[in-house]
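For reference, the structure is listed below as structure tokens.
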Amino acid sequence: MSALLEIDHIAVGYDGMRALQDVSLRAEAGAVVALVGANGAGKTSLLRAISGLVRAQSGTIRFAGDDITRVPAHRIVRLGIAHVPEGRRVFASATVRDNLLLGAYIDRDAKHRRTRLEAAFAAFPILRERLEQRASTLSGGEQQMLAIARGTMSAPRLLMLDEPSLGIAPKLIPQIYAGIRAIATGGTTVLLVEQNVGEALRAADTAYVLQTGRVVLSGDASDLIGDPLVQEAFLGIVAT
Amino acid sequence: MEALTTFAQLLASGLLTGLVFALVAVGLTLVYGVMDVVNFAHGEFLMLAMYAALGLALVGIGPLLGLPLVAIALFLFGIVVYRLFVRRLLAGPPEATVFGTFGLLVLLQGIAQAVFSSDFLSAPRPPFQGTIRFAGLAVSQATVVEGIGALLLTAGLYAFVEYTETGRAMRAVAEDRIAATLMGIDVQRINGLAFGMGAACVGAAGALLMLSYPVYPTAGASFALTAFVVVALGGFGSIQGALVGALLVGMLEVFGGYYLSPELKMVPVFLAYLVVVLLRPQGLLGRR
């Protein structure tokens, strides 16, 4: 059986700089896959390559069995992949409602939209109260919830989250992760990029560790939490 | 009492003038808002629209029937200009759009000069030449038709951007084109549409203006200059800002022309512009 997302030996570079080299990754349908690593390891580049914002120079990206390596970025979401970008990038001067409706831009069916809106409120209840407010008036954590909810509005099979806990007040992080778990429980495959390695590994089924553009470790998330390299490099635990 | 009537008279004609400025300015502000391009050839699009309206008038199609035709023609022209030209400029450094659209201005003026000569041409026997008298005020029918037409079209554009699915996509592209792309919005398509709609605004304006203005190769330039002031006053990218700015400019121009002298009518306009730009660089209703 093939995985929902299969990345084989891709390389990505910008202006002569190699961001990713020979990276392969698989995400099984329904799984939560974490992609962890230090700043600049190439995590964001991998998501951007999947969503078509940058072109892979070599290698292939397959989704649900189809080669999507060269599909233009605006078509990717129609195939069932939603990308919640780093830094949230909500439409600040639009209302929460408009942001969510833009998430469902590819599907104008009013009934689908209502169902998804309810699902988004179930994952992040605060958004219902904020519906008519401009996104710019939300706190950072609320904006992150909005960005994730906006990503779910296209009913994606694969939801890619780039640093959902970055710059968020620590007390809101559990709420964001509760929402992510609720979305995953609903059957959506999640590819989760994080610097917050502990949080990501606890939420994930499998995980990949990137270092300077290469995969250096991969396996079950529960095994990786105990891995001495991971503990030392990311969790600040030094083996004695 | 007479001073009061004069004031009311000036107010009415200032507002009506301002509404036409608004229609020209909303096209400019829409294009800027969506794709950060200041289209220096905007006035030349207006000039082309006026020649087109004149051509229609010569074959017996009046301005009101001609208006949708000219607007559609300019919409298509705008999309072609975007696809062949502006899209490539956007791929270059930011200055490319400035020099590129300025080059287009020179090109279109030159072509008009070559094809139509520099003669001032007016529509033969334009309709609405009477005067409307109301409560002691007198305004020409033409300015009333122009003003009402411009107001309806400006309001229509606002409603489109604010309340339709495509308008929402335009706002999304205006704010963050990467995020918009991730929503599945084809940014090139939306840009082309916005550029076409910006041109359609001057298409409609050109048809209306033929009621009371002659056309010549640089006819659009003075309107475009006013439109730049309007857009800067009201806030770049803001449709409501363009309307507010245009009404302000229309009134300042009319009041300046009366109380100072006709030659100095633009002085209060540019003074207001300077004050706003110094105190509130983002414009009256602009963000950032």
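Read the figures in this text as sums done on the coordinates, not as results from a lab. From a predicted model like this one, the values you see are computed outputs, not experimental measurements. All Cβ positions, glycine included, derive from the backbone under ideal geometry; neighbour counts span all protein chains shown.
Points worth noting:
- Looking at region A:5-233 alone, DSSP beta bridges between its own residues are antiparallel in about 50 percent of cases.
- The protein assembly as shown - share of DSSP beta bridges that are antiparallel (%, nearest 5): 60 percent
- Modelled this way, with points 7 Å down the Cα-to-C-beta line, the labels at B:R189 and A:T185 are 3.7 nm from one another.
- Förster-model FRET efficiency, 22 Å R0, B:T164 and A:H112, C-beta, rounded to 0.05: 0.75
- Aspartates and glutamates with Cα under 19 Å of A:K43, excluding same-chain neighbours fewer than 8 positions away: A:E6, A:D8, A:D15, A:D22, A:E28, A:E86, A:D162, A:E163, A:E194, A:E199, A:D205, A:D220
- Proximal aspartates and glutamates to B:K265, defined as alpha-carbon separation beneath 18 angstrom and excluding residues fewer than eight positions away on the same chain: B:E253
- Nearest-0.05 FRET efficiency for B:I111 and B:L260, computed from C-beta distance (R0 30 Å): 0.20
- Dipole magnitude for region A:62-189: about 240 debye, using +1 per Lys or Arg Cβ and -1 per Asp or Glu Cβ, origin at the Cα centre.
- Across region B:244-261, the residues whose backbone nitrogen lies under 14 Å from the label position 7 Å along the beta-carbon direction of B:L271 are B:252-261.
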